[in-house]
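Computed from the coordinates by the stated procedures, all read-outs in this text should not be read as laboratory data. Please read all numbers here as calculations on a predicted model, not as lab measurements. A quick note on method: Cβ atoms are made from the backbone with ideal geometry, for glycine too, and the neighbour counts reach across all protein chains shown.
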Amino acid sequence: MSLSLYNRHFLITSLVALTALACQKEPSADPSQGTSAGTLPSATPVVPAAAATESDKTSADPPRADDSPEIATGAAAASAAPAANDRSPKYKATAPAAGKNIQGTKRSGDGFATWLEGTGPFVVGKNSSLRAVLASKKPYKCNEEYPYKLKLQANPQLGLTESTIRGMKISGANAQLNIPVVPKTAGKTTLRGKLYFSVCTDDRCLIERQDISLALNVE
């Protein structure tokens, strides 16, 4: 049966109204809650303020004046600059070497021993420590009444001419005679001389003369 014009108009109007009502009730899609139907939005956990890490606090705190690097200023900077720029090699300071005692050929006999000795180093142009030594052996002792002397042979390298040195000093069982020497040239050499001396017991005295020598190196 064909519908009348009025009925058709009423039917169309009703369909349009129902369609509009259906569109109003359907929820609109939220882009932040995902594109697929039935998917729950992901929840972002809230971190309490007390649970913040130490690193977060450090990064959040502004830099303090105490955290800035130290910079030398004034006199400190002036003293530090030469040390920083000094690239010269460093040498450890060493004390002068201690003197080394050397002893010449020892001459011994009944009641005595005698020799020449020195304390190095022996350096050109500087006073050298050389001496003649007499050691008495018991029961003998050095004769305090005897005129001791040392006759030296000439030695140009040591600045010595043929000469006689007196003034031996006696101390207990020993006696010593200093020899003034100022070397002139460097190299190895030998000091030679003849010592005249005497040793005594309570009953007898010995009067002796002995050739003594000392090999040394002049620097």
Karplus couplings for the stretch 152-165 from phi (6.51 cos²θ - 1.76 cosθ + 1.60, θ = phi - 60°), rounded to Hz, Gly and Pro as x? 9, 7, 5, 8, x, 4, 8, x, 10, 9, 4, 7, 10, 10
Under a crude label model (7 Å from the Cα following the beta-carbon direction), how far is L11 from S213 in nanometres? 15.6
Once the convex hull of the C-alpha atoms of the stretch 101-218 is built, how many Å³ does it hold per residue, rounded to a whole number? 86
Using the beta-carbon distance between V182 and T105 and R0 = 22 Å, what value does 1/(1 + (r/R0)^6) give for FRET efficiency, to the nearest 0.05? 0.40
Note down the magnitude of the dipole of the stretch 149-219 about its Cα centre, charges +1 on Lys and Arg C-beta and -1 on Asp and Glu C-beta and zero elsewhere, to the nearest 20 debye. 200
